[in-house]
Amino acid sequence: MREFLESQEIDSKLIEEIYKFREYYKLDQELENRIANPKYNYYGKDVLNKSIAAILAGKHILLTGPKASGKNVLAENLSKMFSRPLWNISMNINTDSASLIGGDTFRNNEVVFSKGPIFRAAESGGFAIFDEINMAKNESLSVVYSALDHRREIDVPGYDKIHLHEATRFIGTMNYGYIGTKELNEALVSRFMVIDMPTISRENLEQILINQYSLTQEYRNLFIQLFMDLQKKSLNAEISSKAVDLRGMFSSIDLMNMGLNLKDALELGIINKTFDTFEKEIVSDVIDTLFEDKVEYNQIFK
Ligand SMILES: Nc1ncnc2c1ncn2[C@@H]1O[C@H](COP(=O)(O)OP(=O)(O)OP(=O)(O)O)[C@@H](O)[C@H]1O
Ligand SMILES: [Mg+2]
C-alpha cells in the first residue's frame, strides 16, 4: 500500500498519518475478513489526496461522478488503506430504517434486535458505503443524520442510543442525473465532504491497462485512444455518455482475450450500450477509424 501511495505522489505527511491511524485503531481479528480486498487500485492523485485528507480529518465523503469513474473502487481502496471493515449498502426506494440500522426479528420464538450494516459499522469503527445514495428516498436517510453530523450517535428506537466508534466513516456514492435518481436533500449533502470524481486521465488509464492486461503497446494505445475519442465526442455533445463506458471497454478486452474478434467484442461492450441508431453509427465510426477489420489475437495480446 505504501509503495502504491508513494507511486501516486500522495503527500508523505498523509501517508504517515494513515499509518498512525492504522496503528491507533486496532481491529478485532474477527472483523479482518471484512476489510476490502480491491481487485483494482484507484488511480488519481488528486482524488486520493482529497479523500485521504477528509477521512483523516474525521469527515464523511460523498463521491459523485459519471458511471465507471471508480467510485466503488476508491471506497474499497480506502477500506484497505485505513484497514477498516467495510459494509456496502445498495440504496433503493425501499431502503428504510430497518435495512440501515436494524430492527426486531424473531429468533427461537423470541423477539431479538438484529443489527443492520450501519449499526455494525458504527460499533466497530467500520466504513459504510451508501451506494447510489440518491436512489433512496430522502426521508429514509433522515435516521442517519445524527450519525453523520457532530453528534455521531444514533438513537435506535426500542434499543439504545449508540455512539459511533471514532474510526467510523460513511462514504456515499452517486451518479448524477440517471433516471431514478433524486436530488439529494441539502441537509444530507451538508453532512458530507463532496468529491467530484473526474473521468480517467490518459496516464491513469494506461497504468490500469498495463496492470490488468498484457496488451501489445500498439493496442494498448489504441484502446486508450478509443476511450479518449468517445469521451471527447460526449463532451462535445455529439453523442450521449452511454457508450463512454470504461467498464464496457474492459469487458470487451476480456472477450477478446477469450478469442472473440475485436469488432464483435466492442459491439457488446461499447456500441450496444446506446440504443439510438444514429448514435450507434457515430460510435461505430470511431471504432472503424481506429481499428482494422481483421485483427489477430497476437496483435492485441503479448
Ligand atoms: N481512476 C480509476 N482508477 C482505477 N480504476 C478506475 C478508475 N476509474 C475507473 N476505473 C475502473 O472503472 C471500473 C468501474 O469502477 P467502479 O465500479 O468503481 O465505478 P463507479 O464509479 O462505482 O461506477 P457506477 O457509477 O457505474 O457504479 C473498474 O473497472 C475500475 O477499475
Ligand atoms: Mg458504483
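The values are calculated or read from the model by the stated rules, or taken from the named source; none is laboratory data. Fair warning: this is a prediction, and the values are worked out from it, not measured in the lab. Cβ sites come from the backbone with ideal geometry, for glycine too, and all protein chains shown count toward neighbours. The protein model used for the area step is the full one, side chains on, heavy atoms only, and it has no ligands, DNA or RNA in it. Shrake-Rupley method; radii C 1.70, N 1.55, O 1.52, S 1.80 Å.
Summary of computed values
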item	result
Selected residue (only one of Val189, Val194 is under 20 Å from the mean Cα position of the chain (by Cα) and within 16 Å of ligand 1 (Cβ to nearest atom))	Val194
Condition met for Leu230 (closer than 20 Å to Thr199 by Cα, under 29 Å from the mean Cα position of the chain (by Cα) and surrounded by fewer than 13 Cβ atoms within 10 Å (Cβ to Cβ))	no
Cross-chain or 6+ apart pairs with Cβ under 7 Å, region 148-175 first and over 30 Å from Pro66 (Cα atoms), then more than 16 Å from ligand 2 (Cβ to nearest atom) and of a type in the set (Asp, Glu)	Gly158/Asp104; Lys161/Glu153; Lys161/Asp155; Ile162/Glu123; Ile162/Glu153; His163/Glu153; Leu164/Glu153; His165/Glu123
Any pair with Cβ under 6 angstrom, 6 or more apart, that starts in region 278-302 at a residue that is under 22 Å from Asp245 (Cβ atoms) and ends at one that is of a type in the set (Phe, Trp, Tyr)	Ile300/Tyr219
Subset tally (residues that are more than 9 Å from ligand 1 (Cβ to nearest atom) and open to solvent by less than 60 Å² (accessible area, probe 1.4 Å)) for region 202-216	4
Selected residue (criterion: surrounded by the most Cβ atoms within 10 Å (Cβ to Cβ)) from residues of region 243-267 that are within 16 Å of ligand 2 (Cβ to nearest atom) and of a type in the set (D, E, K, R)	Asp245
Residue check, Leu141 surrounded by 13 or more Cβ atoms within 10 Å (Cβ to Cβ) and in contact with a Gly (Cβ under 9 Å, 6 or more places away or on another chain)	no
Filter result for the condition that a residue is free of Cβ contacts under 8 Å to residues at least 24 places away in the same chain, farther than 30 Å from Asn41 by Cα and away from ligand 2 (no atom under 16 Å from the Cβ), over Lys115, Lys137	Lys115
Single match in Asp46, Asp96 (criterion: open to solvent by 40 Å² or more (accessible area, probe 1.4 Å), over 12 Å from the mean Cα position of the chain (by Cα), away from ligand 1 (no atom under 16 Å from the Cβ) and of a type in the set (Asp, Glu))	Asp96
Residues (assigned to a loop (DSSP other than H, G, I, E, B) and touching a helix residue (DSSP H, G or I) at 6+ places or on another chain (Cβ under 6 Å)) located in region 216-255	Ile239, Ser241, Lys242, Ala243, Val244, Asp245
Filtered residue count, region 49-79, keeping only those that are touching a strand residue (DSSP E or B) at 6+ places or on another chain (Cβ under 9 Å), of a type in the set (Val, Ile, Thr) and more than 13 Å from ligand 1 (Cβ to nearest atom)	2
